[in-house]
Amino acid sequence: MLKIDNLNYNYPGFEENVLTNINFEVQKGEVISVIGESGSGKSTLLKLIYGLLDFNDGEIKYGDKKLKGPLYNLIPGHKMMKYVAQDYDLLDFVTVGENVGKFLSNFDLALKQKNIDEALDVVELKHFKHIFPNKLSGGQRQRVSLARALAQEPAVLLLDEPFSNLDQTLKLSIREKIMNWCRTHQITVIFTTHDLSDAFYTSDKILVLENGNMIQFDEIENVRKFPKNEYAARLFGYVNVLRSEESKKLSIHTTTSVVIYPEEIKISTNGNFSGKVIETKFQGRDYLINFSYQDLELYAYFDAKLEKGTNINFDLKSYSVI
């Protein structure tokens, strides 16, 4: 449905690329999350796909149609896509409902109101329909902006940090409703996020960007279990990365580095390796145990709190070579 081929981009006046040789394909109805540190090119990628920027080299195709930027289009953007930026772009002098219905046809007013109500219901703001946006919080304004995009039922929905201003409990509900809506209507979604829970619970695939380079593009499980490099592994939170010489201390013999996630270390009374607890942090369902083994500092999960200085035994269940 959507294909990005050897895409390169640098801002006018700058020699260094913001994005370099980006290649991936998206199928109809897929949900793709784009992750990476700030400045890795996530937002720029969405703007290029939507047609707000002119890329230097490469190609973006929607089906058989080549997409271009503002130099080639009188009105920037593509009609089959909707882009929700982080600034929300709401009109404060008209109501929430009028903002959501801004781009809907007035030919059938009853249908227009139905679409507005349904979109506002998805973001749980239907009772704010007649309120002006300047009376809303940042999180509520963000939800209005999302509803406006949903109401138009685009083929492709591009979302830049769509849940960044939502409280955790509300986000879980809104996130689920939005993604269910998009899957029901076969809307393809590409969104950027710094919250890996958004990527895990909503995406079919993850695109990892580092300094404008595409590190990995794959299904969620594959990216998590088999990260291409240390950068990709560390995006998922606490992780143990050991160099070749360090890994030998755990009986791992490799010429490269290895990644060991905390859940891949099993703490038990009959473990083959011995360490000492440095610190314990409660994680909700379990505890994150920071401990030392020889001159290594490692992380593991455990179902009970362990005091500093406690001697522990552990085994290694699995690891990934990078």
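Readers should treat all values here as calculations from the given coordinates under stated rules, not as data from a laboratory. Not measured: the values here are computed from a predicted model. Heads up, the Cβs are rebuilt from the backbone with ideal geometry, glycines too, and the neighbour counts pull from every protein chain shown.
A few notes on this one:
- When shorter helices are ignored and each DSSP H run of at least 4 residues is given -39500 (n - 2.57), the per-residue value for the chain at 222 nm works out to -7000 deg cm²/dmol.
- Measuring nothing but how far apart in sequence close Cα pairs (under 8 Å, 6+ apart) lie, relative to its length, segment 2-233 scores a relative contact order of 27 percent.
- Euclidean distance between Cα centres, segment 58-108 to segment 171-186, Å: 20 Å
- Charge tally for N134 (other residues, Cβ to Cβ under 12 Å; Lys, Arg +1; Asp, Glu -1): +1.
- For segment 219-236 and segment 272-322, distance of Cα centres in Å: 21 Å
- Residue-count net charge about E118 - beta-carbon cut-off 13 Å; Lys, Arg +1, Asp, Glu -1: +2
- In plain terms, the residue of M80, M179, M214 with the fewest other Cβ atoms within 10 Å comes first and the most crowded comes last, giving M80, M179, M214.
- Helix 138-151 axis, angle to the chain major axis (alpha carbon atoms, nearest 10°): 60 degrees
- Rounded to the nearest 20 debye, dipole of the chain from Cβ charges on Lys, Arg, Asp, Glu: 600 debye
- Under the convention that each Lys and Arg Cβ holds +1 and each Asp and Glu Cβ holds -1, the size of the dipole of segment 238-321 around its Cα centre is about 40 debye.
- Cβ-based net charge around E30, under 14 Å, with every Lys or Arg adding one and every Asp or Glu removing one: 0
- Positive-pole candidate from S197, P162, N23, dipole of segment 2-233, charges at beta carbon: P162
- GNM flexibility winner over the chain from Q113, Q168, Q86 (Cα, springs under 10 Å): Q168
- Working from Cα pairs under 8 Å separated by at least six residues, relative contact order for segment 83-136 is 49 percent.
- Helix 109-122 axis, angle to the chain major axis (alpha carbon atoms, nearest 10°): 10 degrees
- Order of T192, T310 - criterion: other Cβ atoms within 10 Å of each residue's Cβ, fewest first: T310, T192
- Using alpha-carbon coordinates, inclination of helix 168-184 to the longest axis of the chain, degrees: 60 degrees
- Measuring between alpha carbons in the structure, the pairs from K205/K281; K102/K129; K61/K114; K65/K102; K3/K171; K266/K308 lying more than 23 angstrom apart are K205/K281; K61/K114; K65/K102; K3/K171.
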